[in-house]
Every structure is written in C-alpha cells, then in structure tokens.
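Have a look at the structure below, then the notes.
Readers should treat all values here as calculations from the given coordinates under stated rules, not as data from a laboratory. As the structure is a computational prediction, the values presented were derived from the model and not from experiment. Neighbour counts run over all protein chains shown; Cβ positions are idealised from the backbone, glycine included.
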Amino acid sequence: MPMYEFTCRACGAEYEELCTAAEAAAGKVACPACGARKSERKLSTFASKDAGSGGGGGGCGHSSHGGFG
Ligand SMILES: [Zn+2]
C-alpha cells in the first residue's frame, strides 16, 4: 500500500497514512491527533497532476525475415 500525506481540516495536523488510493481519495482516514475523519489528501510532490501523456513516435517496422529452406 502506498503512503499518502494528509492534512486534517479539523485541527490542521499533517500526517502520513498507509491506505489504498480509494481510501485516500475518500478521505476516510482518521486524524491521529483529533480523530476527525476530515482528512484532505495532500498533493504528492513527485506526482504531477498536470502530467501529459508523452511518448509516442517512432516507426514500427516489422520486416519479415525470409528464410525458408
Ligand atoms: Zn485532526
């Protein structure tokens, strides 16, 4: 399970929690400081939300190699 960073909207505490992506998105993580489940997931520094799908290009050539016989 990945670790996500959360910010408690109740007390403002910042903490990390191991949970699934679904739980993190739903904010169902209890704050260890006050116990409120109003956690807001912080944006990861390494995961850019504005990431465009790069790549592509390059020719894909399949050349048959005749070699019967
Ligand atoms: Zn809290």
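Other residues with beta-carbon under 11 Å from the beta-carbon of Glu5 carry, at +1 per Lys or Arg and -1 per Asp or Glu, a net charge of -2.
As a proxy for reagent exposure, Tyr4, Tyr15 were ordered by neighbouring Cβ count within 10 angstrom, fewest first; the result is Tyr15, Tyr4. Between the amide H of Lys42 and those of Glu5, Phe6, Thr7, distances stay under 5 Å, these residues lying 5 or more places away or on another chain, with hydrogens modeled in the peptide plane.
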